[in-house]
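Let me begin by presenting the structure, written as structure tokens, before commenting on it.
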């Protein structure tokens, strides 16, 4: 496989035989993970000293619970962004998934089958996205914005705009906590993170994602079926968003068309915080996880400190800008 | 009387020749002191009784998506049919330019009266100018428009009435200001009026239970706590954010602390309640909802901790608006605010107003200020208002 220089060096997670490339990769990884990791540690220490309620097992679980939904969406978004695209339609797929799950289970369909159907619905949405982006050639921004509107509208239509409580509360099985207060959906989130991380780092498919994100044309010339890969990435992204919809419905024991509407922007923010680049070829699950945790921990810590919601929004925005600035610094130091 | 009639006749002639708008005609007749039945009898197209008039009414809905707004719009359209009025409907789409454009289109329609549900508060003056230029009277629904006759719920009163239900139940359990915290969920972006319900809920509860007192201006969008007695979070009126914010807030409260939970709408309360049950703190909580949604009514009926539910019967606003239309065009000057029907339901009263499927079966009696609606005879056509059946 022959890739352009950009395509090769941009693959942050892909190993290289060249010493200089290896050095650049380590430096980049250092900035990417340790930088945001150190930043996260600073946040943890600051909140631990600022509010007595922060540093406890129950609050740690609380943070994990709170970030699970957006975390699952962000895993899919990581794939999309690393490959050089992004997916706004997740903001419609999450509520569509939540509403569909509530409707299906209320109609008597068992939770496992309902979950599979919902994931299938999500996959179908981004199959359409992928086909439009690759075959029609419409920009991902416009395409996924369009499907965002359609899926959000579908969620409202199916639910008639109201919250649909579960008739049988047992279908919210994902919210049960079988071990140490940790719910099944938190476990599912962590398991998915591990699987996708391994896939990105150690499989040909994962390396192709970095390659396509690094240089789409070079990847095509190298024999990668770029269009098929792009469609598959969108399908995975949307399937994960639909599953996140199931998770949020399980959390709330109800489906509603208003849930998850900020999923797109928050997940993109988390992925970028984690060191990914909107131009593609950079990023990884580790960074995304830390990005998600940073956003969730800041929201939690400021809530415990009783900081008004408006200030929380400002702080989150400032942190995102800081992270982007940090990314520019990284580019200077690594010569990208 | 003869002189009056001759003047009225000349007013009517001017109206028929387009030299006078309907509103000017009505105001002129009212200035002459002519009784409403006579005035309505002078208007073309029907008998002397307001309920038998066939008016043309246009309505711009704030938004035609989301069940609440769609049902509200459908309710108004259906009420127009029952009242026998010609009706045309527009969608403001929660958007300023669309609202202004619709206002111009409605003015072109030359209806007898316009029902304006505008969601963009700052464009009121522009709307007023369009309607005034066209000489068409209008009713502003929910959001006030200068010069318009205002129809709205009163969030302040719902908050006060809900607290009056909740507090005695808390006191009966032996809860006091020393061991109780009120958690209220605001929707900061919705503005002051919408959040009045939660502010006045706390103010009333605080006064009754001896909690840290507060004035309305003490509880703003930026307020997060008042002593140990109030925690305000921003649930944004949606399920998932309410769940998350209350989960966080519970971390700061001792396990044995009692909680009075209330929010600006049912979705928000349901999300918050889920956080309470997940934390296994329902035994220490009393909850009240607002909205009268099917899910919340089910909770009120079945959940022992859910003790009150505020309802504004929005799906039935249409019949009140048709009665207002008849009254205004009949020469009546309404009060500055005509209150929508509203009631705080309890476990004892819920079945009186709602059936098991969550459909309204009875509306509360007219408040004193709204008695002018009774005289139009319109509400009686619907046969569902307590005291008018």
Tell me, what is the FRET efficiency for residue A:188 and residue A:314 to the nearest 0.05, using R0 = 35 angstrom and their Cβ-Cβ distance as r?
0.60
Which FRET efficiency value, to the nearest 0.05, do you get for residue A:57 and residue B:133 by plugging their Cβ-Cβ distance into 1/(1 + (r/R0)^6) with R0 = 51 Å?
0.15
Computed FRET efficiency, Cβ-Cβ of residue B:348 and residue B:218, R0 30 Å: what is it to the nearest 0.05?
0.35
The alpha-carbon center of region B:117-159 and that of region B:286-360 are separated, in whole Å, by 21
Contact order normalised by length for chain B, with contacts defined as Cα pairs under 8 Å and 6 or more residues apart; what percent is it?
16
In region A:214-249, whose amide N lies under 15 Å from the spot 7 Å out along Cα-to-Cβ of residue A:116? List them in ranges.
none
Along Cα→Cβ, 7 Å out, is where each label goes; now give me the distance between the ones at residue B:98 and residue A:265 in nm to one decimal.
1.9
By how many nm would the segment from residue A:204 to residue A:103 lengthen if fully extended, with 0.36 nm per residue of separation less the alpha-carbon distance?
32.5 nm
In percent, how large is the relative contact order of region B:155-311, given Cα pairs closer than 8 Å and 6 or more residues apart?
25
Mean residue ellipticity at 222 nm from the helices of chain B, using -39,500 (n - 2.57) per DSSP H segment of n ≥ 4 over the full residue count, to the nearest 500 deg cm²/dmol?
-13500 deg cm²/dmol
Can you give the helix-only mean residue ellipticity at 222 nm for chain A, where every DSSP H stretch with n ≥ 4 adds -39500 (n - 2.57) and the sum goes over all residues, rounded to the nearest 500 deg cm²/dmol?
-23500 deg cm²/dmol
So if each residue of separation counts as 0.36 nm, and I subtract the Cα-Cα distance between residue B:88 and residue B:110, what length gain in nm does that give?
6.8 nm
Residues of A:155-164, mean number of Cβ from any other protein chain within 10 Å of their own Cβ, rounded to a whole number?
4
Calculated diffusion of the protein assembly as shown, Stokes-Einstein form, Kirkwood radius summed over Cα pairs, 37 °C and 0.692 mPa s, µm²/s
116
Quick one: order B:309, B:157 by neighbouring beta-carbon count within 10 Å, fewest to most.
B:157, B:309
To the nearest 10 degrees, how steeply does helix B:239-250 sit against the main Cα axis of chain B, on a 0 to 90 scale?
40
By Cβ neighbour count within 10 Å, fewest first, A:160, B:199 rank A:160, B:199
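Between residue A:136 and residue A:41, 0.36 nm times their residue separation minus their Cα-Cα distance comes to what?
Going from the current span to full extension adds 29.7 nm.
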Using label points projected 7 Å from each Cα along Cα→Cβ, tell me how many nm separate residue A:176 and residue B:64, to one decimal.
4.7
In terms of the alpha carbon gyration tensor, root eigenvalues a ≥ b ≥ c, rounded if a/c is under 1.5 and otherwise prolate when a/b exceeds b/c or oblate, region B:155-311 is rounded
Please give the helix B:2-16 orientation as an angle from the longest Cα principal axis of chain B, in degrees from 0 to 90, rounded to the nearest 10.
80
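Bear in mind that the values in this text are calculations on the coordinates, not laboratory data. Source: prediction; values computed, not measured. Cβ sites come from the backbone with ideal geometry, for glycine too, and all protein chains shown count toward neighbours.
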